[in-house]
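So the structure is just underneath, and the comments pick up after that.
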Amino acid sequence: MKVGGQPGLTLTLHEEQEQSHNEIGPATPSASSRVDSAEHHQARPQAEPPHPHTPDPAGHSRQPRTTLAQLLLQERQAESPATRERSGKPTLGELLIQTHDEFHSTSADQPDKAQGKKSRLGKSWGAFKRALHITPAAKKTTEPVVTQPAAAPANTETADVTPQPTTSPVRQPPAAGLLEQQIRTETQDLFGSVWEAAALADRTSTTSSDPVAYLRDPMLKAAKGAARNGTVSAENMYSKGNMFNSIDLGGDNIFKAQANMIRAAKQEVLLQTFQWEPNSKGANMLLNALHDLAAAHPGADPLSKVRGADGQPVRVRILVDELGDRAFKKMWPDAVKPDIANPRVLLGLDQSNADPRHEQLLHQFDFEVRTYKHQLINSLHSKTLVVDGAHAALTGANVQERNHPAEQVGDIAKFFDLGVTLAGPAAKGLREDFAFSWNKASNPHMTTQSLPRQAPASFTVWEVEGGEMAVLSKQPNINPLNTSVDNPQDQAILAAVRHARERIQILSPNFNTPALEAALAKAADRGVKVDILTTSYANRDRLDNSITGRSNPQAYNHLLQKCKHPENLDLRYFSSLEHLMPMQYQSQQDWEDLQELRPIGSHAKLMIIDNKVAITGSGNMDKTSWHFTGETNIALFDPQAAAAMQDKAFAPLWQAAQRAPRM
């Protein structure tokens, strides 16, 4: 599945403005002078503009001034009857003047009727502004382009201008601020005392050529403002021109997609995970992909280096979180801690079921391992794969056997998980995220090199039409009393909740973040539907304490108590998917994969806002992920991508879930 986003920007005008070009001059507003900018939404000054016939202080009578709308009307009236009959629709000037006259002709003793006129005026004002709107157009590219359905023909009164693809440079705007001032002055003069009402009507309109702007813009502003506590610079956090390639359910599909990316590597493979289980199915899938990459290289030899497109040995970097001895003993008192920093241990060569071929990888590639070692709760929880700075995968799944179907009765319990793959400039941001964490890790068993945070110049990152994404990260924090949300991940999520209009859907094994609880309660109180799906028992022993927070049932009940309109909250627990029918999945294969896995719990992380923006990655909606651990997520600013995530990843689990009891 490939999903596109919003295209690049160019400037287009409505046909009526094109007709009046000769009379009123060029009418191409710059991006800095958009009519619908924040500056134009400020309140109308108290000083009323003088009436056109009001004498000035010197006693001279002012001549009536022709407004922009009236010029448009004059141009229309000058058309031949045949031309007018063919078009059959009023100009914006006619619409505005007609609505203006109707409003002011309403008597003061008919307030209800006047309010209706005000609403109609706001609608016309929205149409007028959209005629001068900056609209999307396709970006020229030599790569496969994601296409979207063509927009319907524009209606002068209710619809946006149809975007026109172009590969020519954007026309130069007139002198800065002149057209902006002309439009503002003349429309204010035309509208009189209803300027504020009209502007408000347009601000709250949901019919926009950029349907995700009301979520994306505040999310990016909040995330970039907290970039210092993330792992990606503000300039690399957001990008356009990306492709959303796949949604992968279950460990087999997640690591199959990642293995395919590794097989296509040209220069660099960067993998980070919270837990790596040697000789697990996922680990062998990834390592076997490296064998395939080496075998496909000309002159393949077990002892010769696989050289990339730049002539250098292909770099392979594996970064794994390593619990300190004390922390490991607390979490797994009966287990023996593996020395995962030792490359031979990571490759499983010290085990009886080892694949001896894995030894070759140490010689065929520029192969290095580092571990992020910690003693408290400040772990590195991120799980990403970045190939050549151009392709990337994110998942909530660790490289563990529990993510794969059971080989025999009595195997470890299985968990549902989720992954996505993408390509484009967002991968550069994810590479910077990896480099940040790699450079803070170490390895006592081998000499390793630091990694530049900026991708090498030899990397070629192609772009496609649209595909807006943002890398939302946070650094680990060792302070067990930390409650700050001043990081890109937390800030972006809170901004999304604050600006949501219809529905918020959350899938997380754990849920107990106080800041998020408060924001969700406010959202529900203003009418937003909130759906939360967790695993009832997940990490109950570790969650039910003062540092890492409440258990999921406790957090659910706390949220209900905070909310004045609990009818807008729907809280459910993950349950087995076995009783669902195949037709409830997008494909027979999806259903068969989940039936084979037979998960007893969900470990996936996903948030969907208004079916327009989706966030997925490593971060849970709990205190640990919000305040202590290092996390990496991707935000997809695309209604098609969000809808696909909802249909394939969220909806099947939601249908099978059990409603949480209300205490």
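The values are calculated or read from the model by the stated rules, or taken from the named source; none is laboratory data. Quantities reported herein were computed from a predicted structural model and do not represent experimental measurements. A quick note on method: Cβ atoms are made from the backbone with ideal geometry, for glycine too, and the neighbour counts reach across all protein chains shown. We work out accessible area using only protein heavy atoms, side chains counted, and drop any ligands, DNA or RNA first. Shrake-Rupley method; radii C 1.70, N 1.55, O 1.52, S 1.80 Å.
List of remarks:
- Flag if LYS564 is out of contact with any Phe, Trp or Tyr (no Cβ under 6 Å at 6 or more places or on another chain), over 20 Å from THR629 (Cβ atoms) and not in a helix (DSSP H, G or I): yes
- Total residues in segment 361-407 satisfying the condition of being under 21 Å from PRO444 (Cα atoms) and modelled with pLDDT of 90 or more: the figure is 14.
- Residue count for segment 619-648, restricted to those that are under 16 Å from the mean Cα position of the chain (by Cα) and part of a helix (DSSP H, G or I): 8
- With respect to the stated conditions, SER458 fails to be out of contact with any Ser or Thr (no Cβ under 7 Å at 6 or more places or on another chain), at pLDDT 95 or above, farther than 22 Å from ALA604 by Cβ and open to solvent by 50 Å² or more (accessible area, probe 1.4 Å).
- Within segment 304-333, the residues that satisfy the criterion of being assigned to a loop (DSSP other than H, G, I, E, B) and either open to solvent by 20 Å² or more (accessible area, probe 1.4 Å) or among the small types (Gly, Ala, Ser) (or both) are SER304, LYS305, GLY308, ALA309, ASP310, GLY311, GLN312, GLY324, TRP332, PRO333.
- Near pairs, Cβ below 6 angstrom, 6+ apart or cross-chain, from segment 457-486 (in contact (Cβ under 8 Å) with a residue 12 or more places away in the chain) to any residue that is of a type in the set (D, E, K, R) and surrounded by fewer than 19 Cβ atoms within 10 Å (Cβ to Cβ): SER458/ASP310; TRP462/GLU143; VAL464/GLU143
- Residues of segment 191-217 that turn out to be open to solvent by less than 30 Å² (accessible area, probe 1.4 Å), at pLDDT 50 or above and in a helix (DSSP H, G or I), as a count: 3
- Hits in segment 467-496 - residues which are of a type in the set (A, V, I, L, M, F, W, C) and assigned to a strand (DSSP E or B): MET469, ALA470, VAL471, LEU472
- Contact map, segment 314-328: residues that are over 28 Å from ARG263 (Cβ atoms) and of a type outside the set (A, V, I, L, M, F, W, C) paired with residues that are open to solvent by 10 Å² or more (accessible area, probe 1.4 Å) and modelled with pLDDT of 95 or more, Cβ distance under 6 Å, separation 6+ or inter-chain. No pairs are found.
- Of the strands (runs of 3 or more DSSP E) lying entirely inside segment 348-451, those containing at least 1 residues that are without any contact (Cβ under 8 Å) to a residue 60 or more places away in the chain and open to solvent by 10 Å² or more (accessible area, probe 1.4 Å) span 366-374.
- Qualifying residue in segment 251-262 (condition: of a type in the set (Lys, Arg) and over 19 Å from the mean Cα position of the chain (by Cα)): yes
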